[in-house]
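Contents: one structure, followed by commentary.
The values are calculated or read from the model by the stated rules, or taken from the named source; none is laboratory data. All figures in this text were calculated on a predicted structure; none of them were measured in a lab. Don't worry about glycine lacking a Cβ; one is built from the backbone with ideal geometry, like all the others, and counts go over all protein chains shown. Only protein heavy atoms, including side chains, enter the accessible area calculation; ligands, DNA and RNA are left aside. Shrake-Rupley method; radii C 1.70, N 1.55, O 1.52, S 1.80 Å.
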Amino acid sequence: MSGEFMRDEMIEARRPPDARRGIWRWFHRNLFNGPINSVVTVVTIGLLAWGLWPFVQWALIQADWIGDSRQACSGEGACWVFISARFESIIYGFYPEAARWRVDIVFALMAGLLAWLAIPRVPGKRWAAVIAVIGFPIAAYVLLLGGHFGLMYVPTREWGGLMLTLTVATIGIVGSLPIGIVLALGRRSNLPFVRAVSVVFIEFWRGVPLITVLFMASVMLPLFVPTQVEFDKLLRALVGIMLFWSAYMAEVVRGGLQAIPSGQDEAGKALGLGYWQRMGLIVLPQALKLVIPGIVNTFIALFKDTSLVLIIGLFDLLAIIRAGLTDSDWLGFATEGYVFAALVFWVFCFSMSRYSQYIERRLQTGHTS
Amino acid sequence: MSQATATSHGDTPMIEMTGLNKWYGDFHVLRDIDLTVARGERIVICGPSGSGKSTLIRCINHLESHQQGEIVVNGVPMTQDVKRIEQIRRNVGMVFQHFNLFPHLSVLENCCLSQTWVQKKPRAEAEKTAMEYLERVQIADQAHKYPGQLSGGQQQRVAIARSLCMRPEVMLFDEPTSALDPEMIKEVLDVMIELAREGMTMLCVTHEMGFAKTVADRVIFMDQGQIIEEAPPETFFNQPRSERTKLFLSQILGH
């Protein structure tokens, strides 16, 4: 080889070698790229089919779907009639039938607002946010509780089912995130008092089980406050859940705050921005984006743990289904009940998970500093 | 760049530091610093790493706090009061070694952020100012990109424009070319030289001795937290007085 070289012409950029695309190529590359992998693939599919087939048979093929009493069920497969017969109570709990339209309106409002906020193409996000933060809670409060504008008063002990689950989860999620952010900032504050309060708060709420919190809220609190002051049981549970989860949220957010280089804050300072401006405009947008997986993880855990309110006598989705199991007309359908409850929880949690992944991709500016 | 600033404050110096001392724990980083910077003066600070030169200029906009001594910026004495500090920072621009652009905002938004939030300018006016300065650092065509899509030299020019948008009376440069690839150092230095020619008061911590020779009114050499020598560039480079300075110059110029 000669030791000298000089290029006369630059090489033009070319397209990558053509290749088959699409699903078959994916199968070929990932599942059948060689004799051993092909065998493993076939065996795995066989095992899955063998393992899942009885469940599919039970849940879908031999199941009974139509009817209004247990006589409609053959007993060979699942008896979904149990669910459909009790569907109203699963959704509304003991909410008076005459007033259930109010719950429907709240559901519809919430779905509409969520779509407005969550779908990027829909304009007017600022208005949606204002309505979601101020208008919707007031409307939901007035509609659900009643007692004003000629609406029948429905005490919270009559709330239940999916409606109660969603109420607890929504208020828990919407409340715990901002409190958690404030706590996370507090824990990193330069002010010793603020820092101490945040640390004590976080460590206290993280150190006790949620069940203990709920018990304390429902059983012990009334012992300490004068009897004429009566807090609503649901309200007490809500406050407990919110504070409990805000402590977890605070640590998730703090993880994000720590990942932001100090140069970001310094650049903000050098530009004359104040503390809240630097946090709100520079540090938090980056930190929260980083910890979306952790935040959504906490949301999902919170959503599922709402079912713990059953131990203080609130009938959420799971508790209502359990109550249905003891109905003497419907003994012996526990499996259907639990599978259905699991499915409902799964649909909500999986939706949150997928949406968070979508948001992560959307916020990706491709590069970090 | 407007030179009208001098009229409003008469002949008060831009920056006045007297008896400045600072410690990190027991470590004495800045020792008895006295430094006065006149309006329009361009100063280059050099010295070995760990000599306290970055710490010194970071004290001027209170990114670092000092324990003893006085700093007066543009006639305003530095205190611990947050409002006072923010008032001083509005007049002091700073450019960092690692650019510190906000990666979640576009180039244009980076330049508009403090205009809209600190100076409370309307959006359109802020964008107009931003585009003016982006034009001047010759990067206006990238205004809608994100910082991560730009080269180091381009990012640093955006950072300079972002600072200038606040129309500061003094600019601090903290090793602005140290994190750049050699090919990109010149484009940043050119912008800084241009700025110096327009009369901006500048304090630059840098190892670019060519830049010091071209624009500096005074070169300051620091070692172990103290000012060892200060002189106009011709004197500084041709007849350094202290042995420490001679050694430093032979090391950075001798290869």
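Remarks
- Only one of the numbered conditions (1) open to solvent by 10 Å² or more (accessible area, probe 1.4 Å); (2) part of a helix (DSSP H, G or I); (3) more than 13 Å from chain B (Cβ to nearest Cβ) is not met by A:Arg278, and that is (3).
- One residue from A:Leu109, A:Leu151 being under 21 Å from the mean Cα position of the chain (by Cα) and open to solvent by 20 Å² or more (accessible area, probe 1.4 Å): A:Leu109
- Among the residues of segment A:231-274, those that are outside any helix (DSSP H, G or I) and either open to solvent by less than 40 Å² (accessible area, probe 1.4 Å) or within 14 Å of chain B (Cβ to nearest Cβ) (or both) comprise A:Ile260, A:Pro261, A:Leu271, A:Gly272, A:Leu273, A:Gly274.
- Qualifying residue in segment A:140-147 (condition: part of a helix (DSSP H, G or I), open to solvent by 40 Å² or more (accessible area, probe 1.4 Å) and either farther than 22 Å from A:Phe303 by Cα or out of contact with any helix residue (DSSP H, G or I) (no Cβ under 6 Å at 6 or more places or on another chain) (or both)): yes
- Test: residue in segment A:292-303 that is within 14 Å of another protein chain (Cβ to nearest Cβ), under 17 Å from A:Met249 (Cβ atoms) and under 15 Å from the mean Cα position of the chain (by Cα): yes
- The residues in segment A:287-326 that are touching a Phe, Trp or Tyr at 6+ places or on another chain (Cβ under 8 Å), more than 17 Å from A:Cys349 (Cβ to Cβ) and not aliphatic (A, V, I, L, M) can be counted, and the count is 2.
- Within segment A:168-201, being out of contact with any Phe, Trp or Tyr (no Cβ under 7 Å at 6 or more places or on another chain), within 17 Å of A:Gln258 (Cα to Cα) and not charged (D, E, K, R) holds for A:Gly180, A:Ile181, A:Val182, A:Ala184, A:Leu185, A:Gly186, A:Ser189, A:Asn190, A:Ser198, A:Val199.
- Restricted to segment B:136-255, the set of strands (runs of 3 or more DSSP E) holding at least 2 residues that are of a type in the set (Val, Ile, Thr) comprises B:201-205, B:218-223, B:226-231.
- Against the list (1) open to solvent by 10 Å² or more (accessible area, probe 1.4 Å); (2) over 25 Å from B:Glu183 (Cα atoms); (3) within 13 Å of chain A (Cβ to nearest Cβ); (4) under 24 Å from the mean Cα position of the chain (by Cα), the condition B:Ala130 fails is (1).
- Count of segment B:26-51 residues, restricted to those that are touching a residue at least 40 places away in the same chain (Cβ under 8 Å) and part of a strand (DSSP E or B), is 14.
- Look at segment A:274-303: where a residue is touching a residue at least 40 places away in the same chain (Cβ under 8 Å) and a partner is of a type in the set (Asp, Glu) and in a helix (DSSP H, G or I), sitting 6+ places away or on another chain with Cβ atoms under 6 Å, you get A:Ile292/A:Glu360.
- Exclusive hit being at positive phi and either in contact with a Ser or Thr (Cβ under 7 Å, 6 or more places away or on another chain) or open to solvent by less than 70 Å² (accessible area, probe 1.4 Å) (or both), set A:Gly93, A:Gly51: A:Gly93
- Top-ranked residue in segment B:88-102 [being open to solvent by less than 10 Å² (accessible area, probe 1.4 Å) and farther than 17 Å from B:Thr177 by Cβ; ranked as farthest from the chain's Cα centre (by Cα)]: B:Phe102
- Segment A:170-230 holds helices (runs of 4 or more DSSP H) entirely within its bounds, and those carrying 1 or more residues that are open to solvent by less than 50 Å² (accessible area, probe 1.4 Å) map to A:192-207, A:210-215.
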